[in-house]
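The values are calculated or read from the model by the stated rules, or taken from the named source; none is laboratory data. Quick caveat, the model's predicted, so the values are computed rather than measured. Reconstructed Cβ throughout: ideal geometry from the backbone, glycine too, with neighbour counts over all protein chains shown.
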Amino acid sequence: MTRVLVTGSAGFIGSHVAEALIERGDQVVGIDNFDPFYDRATKERNLRGLRQASSFTFHELDILDGPALRSLLTSQTVVIHLAAKAGVRPSLASPDAYVKTNLMGTASLIEAARDAGVSRIVFGSSS
(Lines give C-alpha, C1' and ligand atoms only; values in the text may rest on other atoms or scores of the structure.)
Protein backbone atom coordinates (compact mmCIF):
# COMPACT_ATOMS: atom_id res chain seq x y z
CA MET A 1 0.00 0.00 0.00
CA THR A 2 1.40 3.36 -1.06
CA ARG A 3 0.47 6.59 0.74
CA VAL A 4 -0.35 9.17 -1.95
CA LEU A 5 -1.31 12.84 -1.74
CA VAL A 6 -3.35 13.99 -4.75
CA THR A 7 -3.62 17.75 -5.29
CA GLY A 8 -6.66 18.92 -7.22
CA SER A 9 -8.51 15.80 -6.11
CA ALA A 10 -11.95 17.42 -6.41
CA GLY A 11 -11.41 18.13 -10.10
CA PHE A 12 -12.38 15.83 -12.95
CA ILE A 13 -8.92 14.38 -13.53
CA GLY A 14 -7.85 14.41 -9.88
CA SER A 15 -10.96 12.61 -8.67
CA HIS A 16 -10.51 9.86 -11.26
CA VAL A 17 -6.82 9.47 -10.40
CA ALA A 18 -7.70 9.22 -6.70
CA GLU A 19 -10.38 6.64 -7.50
CA ALA A 20 -7.90 4.51 -9.47
CA LEU A 21 -5.36 4.69 -6.64
CA ILE A 22 -7.97 3.62 -4.08
CA GLU A 23 -9.07 0.73 -6.32
CA ARG A 24 -5.51 -0.56 -6.49
CA GLY A 25 -5.24 -0.46 -2.70
CA ASP A 26 -3.43 2.80 -1.98
CA GLN A 27 -4.10 5.13 0.93
CA VAL A 28 -5.05 8.52 -0.58
CA VAL A 29 -5.14 12.01 0.88
CA GLY A 30 -6.85 14.48 -1.41
CA ILE A 31 -6.58 18.25 -1.31
CA ASP A 32 -8.35 20.96 -3.30
CA ASN A 33 -9.01 24.66 -2.71
CA PHE A 34 -12.33 24.73 -4.62
CA ASP A 35 -11.21 27.54 -6.91
CA PRO A 36 -14.39 29.17 -8.28
CA PHE A 37 -13.45 28.63 -11.95
CA TYR A 38 -15.47 25.40 -11.69
CA ASP A 39 -18.71 25.15 -9.75
CA ARG A 40 -18.20 23.92 -6.18
CA ALA A 41 -21.22 21.61 -6.45
CA THR A 42 -19.58 19.83 -9.38
CA LYS A 43 -16.41 19.30 -7.37
CA GLU A 44 -18.42 18.06 -4.37
CA ARG A 45 -20.07 15.50 -6.68
CA ASN A 46 -16.61 14.42 -7.85
CA LEU A 47 -15.67 13.77 -4.22
CA ARG A 48 -18.87 11.98 -3.20
CA GLY A 49 -17.76 8.47 -4.11
CA LEU A 50 -14.22 9.01 -2.86
CA ARG A 51 -15.46 10.05 0.57
CA GLN A 52 -17.16 6.65 0.90
CA ALA A 53 -13.78 4.90 0.82
CA SER A 54 -12.09 4.27 4.15
CA SER A 55 -8.73 4.69 2.41
CA PHE A 56 -9.49 8.31 1.38
CA THR A 57 -9.31 11.50 3.40
CA PHE A 58 -9.93 14.99 2.08
CA HIS A 59 -8.69 18.42 3.15
CA GLU A 60 -9.83 21.72 1.70
CA LEU A 61 -6.41 23.28 1.30
CA ASP A 62 -4.53 25.63 -1.00
CA ILE A 63 -1.14 24.51 -2.31
CA LEU A 64 0.22 27.92 -1.31
CA ASP A 65 -0.18 26.95 2.36
CA GLY A 66 3.31 25.52 2.95
CA PRO A 67 2.97 24.75 6.69
CA ALA A 68 -0.30 22.84 6.17
CA LEU A 69 1.22 20.94 3.24
CA ARG A 70 4.25 19.96 5.32
CA SER A 71 1.97 18.62 8.01
CA LEU A 72 0.04 16.44 5.55
CA LEU A 73 3.12 15.31 3.66
CA THR A 74 4.98 13.87 6.64
CA SER A 75 3.10 10.59 6.23
CA GLN A 76 3.06 10.43 2.40
CA THR A 77 5.48 8.70 0.05
CA VAL A 78 4.16 10.00 -3.29
CA VAL A 79 2.57 13.25 -4.48
CA ILE A 80 0.48 13.44 -7.63
CA HIS A 81 0.20 17.14 -8.40
CA LEU A 82 -2.84 18.02 -10.50
CA ALA A 83 -3.92 21.28 -8.85
CA ALA A 84 -3.84 24.45 -10.92
CA LYS A 85 -5.76 27.60 -11.63
CA ALA A 86 -7.62 26.69 -14.82
CA GLY A 87 -8.63 28.68 -17.88
CA VAL A 88 -6.48 30.02 -20.70
CA ARG A 89 -8.53 33.16 -21.43
CA PRO A 90 -8.80 34.28 -17.78
CA SER A 91 -5.04 33.77 -17.42
CA LEU A 92 -4.48 36.46 -20.04
CA ALA A 93 -6.68 38.88 -18.10
CA SER A 94 -5.19 38.07 -14.66
CA PRO A 95 -1.69 36.66 -15.19
CA ASP A 96 -0.50 37.45 -11.65
CA ALA A 97 -3.16 35.21 -10.11
CA TYR A 98 -2.09 32.34 -12.39
CA VAL A 99 1.60 32.84 -11.67
CA LYS A 100 0.86 32.85 -7.95
CA THR A 101 -1.14 29.63 -7.95
CA ASN A 102 0.39 27.63 -10.79
CA LEU A 103 4.06 28.55 -10.34
CA MET A 104 4.43 29.65 -6.73
CA GLY A 105 1.94 27.03 -5.53
CA THR A 106 3.87 24.29 -7.31
CA ALA A 107 7.12 25.59 -5.80
CA SER A 108 5.48 25.58 -2.36
CA LEU A 109 4.38 21.98 -2.86
CA ILE A 110 7.81 20.84 -4.07
CA GLU A 111 9.55 22.51 -1.13
CA ALA A 112 7.09 20.99 1.36
CA ALA A 113 7.52 17.55 -0.24
CA ARG A 114 11.30 17.87 -0.07
CA ASP A 115 11.15 18.94 3.58
CA ALA A 116 8.85 16.01 4.40
CA GLY A 117 11.06 13.46 2.64
CA VAL A 118 8.54 12.51 -0.06
CA SER A 119 10.24 10.10 -2.44
CA ARG A 120 8.36 10.87 -5.67
CA ILE A 121 6.35 13.69 -7.26
CA VAL A 122 4.27 13.17 -10.38
CA PHE A 123 3.18 16.42 -12.06
CA GLY A 124 0.36 16.61 -14.56
CA SER A 125 -0.91 19.64 -16.43
CA SER A 126 -3.57 20.48 -18.98
CA SER A 127 -5.04 23.69 -20.37
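Evaluated against (1) in contact (Cβ under 8 Å) with a residue 12 or more places away in the chain; (2) not hydroxyl-bearing (Ser, Thr, Tyr); (3) not in a helix (DSSP H, G or I), Pro36 falls short on exactly one condition, (1). Of all the residues in the stretch 32-54, those that are within 13 Å of the chain's Cα centre (by Cα) and over 12 Å from Ala18 (Cβ atoms) number 4. Annotation for the stretch 3-25: at least one member residue is within 10 Å of the chain's Cα centre (by Cα), assigned to a helix (DSSP H, G or I) and among the hydroxyl-bearing types (Ser, Thr, Tyr). Considered as a group, the residues in the stretch 22-33 that are without any contact (Cβ under 8 Å) to a residue 40 or more places away in the chain and surrounded by 14 or more Cβ atoms within 10 Å (Cβ to Cβ) include one that is nearest to Ala86 (Cα to Cα), and that residue is Gly30. Answer yes or no as to whether Gly25 is of a type outside the set (Asp, Glu), under 23 Å from Ser119 (Cβ atoms) and in contact with a Leu (Cβ under 6 Å, 6 or more places away or on another chain). Against the criterion (of a type outside the set (Asp, Glu), under 23 Å from Ser119 (Cβ atoms) and in contact with a Leu (Cβ under 6 Å, 6 or more places away or on another chain)), Gly25 does not qualify. The residues listed here are Leu73, Leu64; of these, the one that is touching a strand residue (DSSP E or B) at 6+ places or on another chain (Cβ under 7 Å) and either among the aromatic types (Phe, Trp, Tyr) or modelled with pLDDT of 95 or more (or both) is Leu73.
Here Pro90 does not qualify as free of Cβ contacts under 8 Å to residues at least 12 places away in the same chain and not aliphatic (A, V, I, L, M).
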